[in-house]
Amino acid sequence: VYAYYAVGHCRTPFPNLLADVACPPAGGSLIGMLSSIADVRGIDFSKWWIFWVDERNVPLSSTDSNYKGAQDALLGRVGIPASQVFAIQEGLSVQQAATNYEGRLLGLPPSVLPRTPDGALPVFDLILLGIGPDGHVASLFPNAPETAATSGWVLPVSNSPKPPPERITFTMPAINAAKEVVMVAVGESKAEVVQRALEVQALPGALPAQLVRPSSGKLKWLLDSMSAQHLQLDEWASGKGFPRNK
């Protein structure tokens, strides 16, 4: 269902799909879910543009590379032109890598990557995000200065609490400027953080997933029965006490 959701949003001319493949590509990761798109007929992959909401500052051949995970699972099996797949530049410092990535995005015409009315931020058609056990999204971690950034498109992360320590990440304002953001959480291991994110109000920055609030677009959560098992859906309709503060 997750793969087909993405497909349904990427049939229009020059769509831009921003994929967060921050989790390892094995197992139940987001990129693993999307791999079945390669088997769907009738998709014009030549019109796809692929970007990463975050990436590890490692060689593209590294097993830690999100690009490599995506290439092995999906991109190497479909006909997206190489010029429309925006991988990180190898061999740079993390600061240089972030500056380089933002510069390449800024260089795209609005016909490919639209901007907000004030021109300050990119407007992606669809951003797919996973969520970590600590509530992080992209490489925006709890109480980190990058999570609190209020401007810019791409930031360097030099001390990620998850290895490898060096990464680049989109800012929260860039994520929230998208037309649609989809949070994907699957499996029992995500049940606790899903419940916290959707039903318990955290302190600002303590649970980055709660900061994902598209300014003009839509936010949707795609869950399975295991990740949603702790949600008290019968209480949602009443509108009372949600989100709780503890």
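Computed values, structure above
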{"item": "Enumerated strands (runs of 3 or more DSSP E) restricted to region 106-185, each holding at least 2 residues that are touching a Leu at 6+ places or on another chain (Cβ under 6 Å) and within 28 Å of Pro59 (Cα to Cα)", "result": "126-129, 180-185"}
{"item": "Filter pass, Pro142 being closer than 30 Å to Arg196 by Cα and touching a Lys or Arg at 6+ places or on another chain (Cβ under 9 Å)", "result": "no"}
{"item": "Inter-residue pairs, beta-carbon under 6 Å, first over 19 Å from Thr99 (Cα atoms) and in region 156-181, second outside any strand (DSSP E or B) and open to solvent by less than 10 Å² (accessible area, probe 1.4 Å), 6+ apart", "result": "Pro161/Phe141; Ala178/Phe124; Val181/Val212"}
{"item": "Matching entry among Leu75, Leu140, Leu129, Leu108 (being free of Cβ contacts under 8 Å to residues at least 60 places away in the same chain, in contact with a helix residue (DSSP H, G or I) (Cβ under 9 Å, 6 or more places away or on another chain) and surrounded by 14 or more Cβ atoms within 10 Å (Cβ to Cβ))", "result": "Leu75"}
{"item": "Selection from region 182-194 of residues that are in contact with a strand residue (DSSP E or B) (Cβ under 9 Å, 6 or more places away or on another chain) and touching a residue at least 40 places away in the same chain (Cβ under 8 Å)", "result": "Val182, Met183, Val184, Ala185, Val186, Lys190, Val193, Val194"}
{"item": "Any hit, region 37-54, residues being touching a Leu at 6+ places or on another chain (Cβ under 8 Å), of a type outside the set (A, V, I, L, M) and open to solvent by 40 Å² or more (accessible area, probe 1.4 Å)", "result": "no"}
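The values are calculated or read from the model by the stated rules, or taken from the named source; none is laboratory data. This structure is a prediction, so every number in the text was calculated from the model and none was measured. Neighbour counts are summed over all protein chains in view; Cβ atoms, including those assigned to glycine, are modelled from backbone coordinates with ideal geometry. Calculation scope for accessible area: heavy atoms of the full protein, side chains included, ligands and nucleic acids excluded. Shrake-Rupley method; radii C 1.70, N 1.55, O 1.52, S 1.80 Å.
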